[in-house]
1. On the basis of being in contact (Cβ under 8 Å) with a residue 24 or more places away in the chain, closer than 17 Å to Ile15 by Cβ and buried (at least 22 other Cβ atoms within 10 Å of the Cβ), does Leu74 make the cut?
2. Which residues, counting only those in region 102-112, are free of Cβ contacts under 8 Å to residues at least 12 places away in the same chain and surrounded by 15 or more Cβ atoms within 10 Å (Cβ to Cβ)?
Amino acid sequence: MFGVWSSLLVEWIGIVLAGLTIKLMDDWLDVEYDQCVGRHTLAIRLGRACLPYALLGLGLAMTLAPQEALALFLAAYAIGMGHDLREKMPTKLPGWAESAIVLGISGWATSIGLTLWALCVMAMIQLLDDLMDLQHDRRSGQNNLAIRFGFVEVTLAMFITLLASVLLSPLKTVQVLLAAPLVHMIMALFGGIGIRKRREEP
C-alpha cells in the first residue's frame, strides 16, 4: 500500500513540475504585455534565464512522470498554438496544423487515451484561467475566450472538458486539480519575491 501511495506522490510531483514549466513558458510569451500593464511574474524576474529553468523543470518532470508530463506539456503547446487557428506560426504552418502535429506526436509517444485526457484537462484549465481573468482582460483590452464567446458559454465548455477529463482518467484529473493551485501559489510567491527585493533596495 505504501508503495502505491509513494508512486502516486512521485507522479504528482512530476505533474506539479510540468505545470510550473507550462506556466513559466506561458508567462515568458506574455512578458512584454505583463511589463506594460505592471504585472510582476517570475518570467520577468528571471529574464533570459527563464528558458533554461523551464527546460530544467520539464526534464525533472519527465524523470518523475514521463508519460503524464510529456502529454500535459504537448497538450498545453497545442492549445497555445491553436488559440488562433489561422495564424501563421514560425514554421509557416497555420496554428491548427501545428497543433495537430504536436498532438499526433503526443499520441505516438504516450498513448491516444493519455493525449485526449491531457488535451481535455489543459483545455479546462485554460478556460478556467480565462474566466478568472475576464474582468482584468476586459479592462486592459485583451481578447480571451470568455470575452470572445461569452461567460456562460465558456463556463459550460469548462465543465464539459472537466467531465471528459474525469471520464478519461479520474485519478490523474484529481492530481492535476490538486497541482494547479500549488503551481499558481509558487509562481505568485517567487514572482512576488522580486517585487519585495526591489522595494527594499535603497
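1. yes
2. The answer is Gly107, and nothing else.
Every number in this text was worked out from the coordinates using simple rules, so none of it is lab data. As the structure is a prediction and not an experimental result, all values here were calculated from the model. Because the Cβ atoms are built from the backbone with ideal geometry, glycine has one as well, and the counts that use them run over all protein chains shown.
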